[in-house]
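First up is the structure itself, then whatever we jot down about it.
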Amino acid sequence: MNVKEILNNLETKHPGEKEYLQAVQEVLESIQTIYNENPQYEAAKIIERLVEPDRILTFRVSWVDDEGEVHVNLGYRVQFNNAIGPYKGGIRLHPSVNLSILKFLGFEQIFKNALTTLPLGGGKGGSDFNPKGKSDAEIMRFCQAFMLELWRVIGPSSDVPAGDIGTGGREIGFLYGMYKKLQFENTGVFTGKGLNWGGSLIRPEATGFGGTYFTKEMLEINNDKFKGKVVTVSGFGNVSWGVALKVTELGGKVVTISGPDGYIYDEKGLDAEKIEYLLELRASNNDVVAPYAEEFPEAKFIAGKKPWEVACDIAMPCAIQNELNGEDAEQLIANGVKYVAEVSNMGCTPEAIDAFQQQKIPYAPGKAVNAGGVAVSGLEMSQNAMKLNWTAEEVDAKLLQIMSSIHVACLKYGTQDDGYINYVKGANIAGFIKVADAMLDLGIV
Ligand code: 2IT
């Protein structure tokens, strides 16, 4: 495999899709050696087939705001790869959404979902709709208009969407409500559903809890633990909330959260009341963290900056792709960071990852660390299929076991001669082998 040549060809075919090309490059560089040692992959053109989505649906979403004005957004569903199970991945509602971002997310999802040990393929969808400042009625009208197109291509054993940035419990309710109306069926076609209508306990917590369980494994292999550690977190949504809950429970101190407006530095650390307040902040639909410092005056709001300038033991990016760059990494390293666990999808730039790896700082990528979210989605699908509900303890125990098995897979393929664990390599190789071998078994389709 010639990584450069494949990337050049992709760039010619898909000019300007920089996030997608970034995600592909990272995977190809990780798996190059394994690929070349196994000529059956090349013979079946696995890479050429894996880097192009099976199909993409693009559609117009027209909706009317509370003043009667008509708006037009773009909607997408990228069905990337279903070799090991139905397409599975969230719906992102954010003004930055474009095809490059959804292709990168769908591509990452293939390997992440393979790591969960569950039969889940990779997909992603979304819209450039901006939920910020919208009323509940506007969100509902948008979600219904979006589903009027999406429903044709999804199904409980073909493609199962879920939440992502901008799509939480409220949006999933509106989306699933419209799906049921159109399909005239109660099915597990969406995950992240409400508890009263087919959802799973622990799904809201799953990404953050799973990310923290994975980080705990990273610490334990170094004979270390969360107790007493200072942790910087970015974002203030569902993922940051789950991380803050579990890290705090394990004795770590979360000292930052962030939003598009800047970050909060709370030296005392988040406690139960403050973590609960994150939900209120998110529900306000304003996408700002500044009000936290008004609510809790001992905390400082630093406008326009990222939390990576705060000294910490563990950095856990939980917001959005490329939120931690090379300079941020240098600053974290200078301040003595010991572990970096990326909970957002592709949260660190390639320069940041290089910097951590050169300093032999354990760094784990989103597709391993945040896989707990989609893993519990898979468990929600199992419960829906069986038409019964597991207890929170049962789901949490399964999540813990899945995260631990992902860590074992990373060790298997990522442990270097000097003992340093290259989690990027480990996660990519483990995920790739599972999907590539399935594609070999399934023939050229
Ligand atoms: O990035 C992700 O893994 C998600 N947004 C969750 C996907 C899912 O299907 O639960």
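The values are calculated or read from the model by the stated rules, or taken from the named source; none is laboratory data. Since the model is a prediction, treat every value here as computed from it, not as a measurement. For neighbour counting, all protein chains shown are included, and Cβ atoms are generated from backbone atoms with ideal geometry for every residue, glycine included.
Confirm whether residue 27 is part of a helix (DSSP H, G or I), at pLDDT 95 or above and farther than 14 Å from residue 100 by Cα. Yes.
The single condition from (1) under 21 Å from the mean Cα position of the chain (by Cα); (2) more than 21 Å from residue 318 (Cα to Cα); (3) buried (at least 20 other Cβ atoms within 10 Å of the Cβ) that residue 413 fails is (1).
Any residue at all in segment 302-314 that is in contact with a Leu (Cβ under 9 Å, 6 or more places away or on another chain), part of a loop (DSSP other than H, G, I, E, B) and without any contact (Cβ under 8 Å) to a residue 60 or more places away in the chain? No: zero hits.
Within segment 338-353, the set of residues being farther than 16 Å from residue 243 by Cβ and either in a helix (DSSP H, G or I) or out of contact with any Phe, Trp or Tyr (no Cβ under 8 Å at 6 or more places or on another chain) (or both) comprises 338, 349, 350, 351, 352, 353. Residues in segment 377-410 that are surrounded by fewer than 23 Cβ atoms within 10 Å (Cβ to Cβ), closer than 17 Å to residue 219 by Cβ and touching a residue at least 24 places away in the same chain (Cβ under 8 Å): 400, 404. Looking at 126, 90, 106, just one residue is within 11 Å of the ligand (Cβ to nearest atom), touching a residue at least 24 places away in the same chain (Cβ under 8 Å), on the phi > 0 side of the Ramachandran plot and not β-branched (Val, Ile, Thr), and that residue is 126.
Per-residue answers, yes or no, for (1) surrounded by fewer than 24 Cβ atoms within 10 Å (Cβ to Cβ); (2) under 22 Å from the mean Cα position of the chain (by Cα); (3) within 12 Å of the ligand (Cβ to nearest atom):
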{"position": "148", "(1), (2), (3)": "yes, no, no"}
{"position": "168", "(1), (2), (3)": "yes, yes, yes"}
{"position": "192", "(1), (2), (3)": "no, yes, yes"}
{"position": "217", "(1), (2), (3)": "yes, yes, no"}
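Exactly one residue out of 397, 436 is under 18 Å from residue 33 (Cβ atoms), aliphatic (A, V, I, L, M) and more than 16 Å from the ligand (Cβ to nearest atom), and it is 436. Please tell me if residue 231 is part of a helix (DSSP H, G or I), hydrophobic (A, V, I, L, M, F, W, C) and either modelled with pLDDT under 95 or crowded, with 19+ Cβ neighbours inside 10 Å (or both). No.
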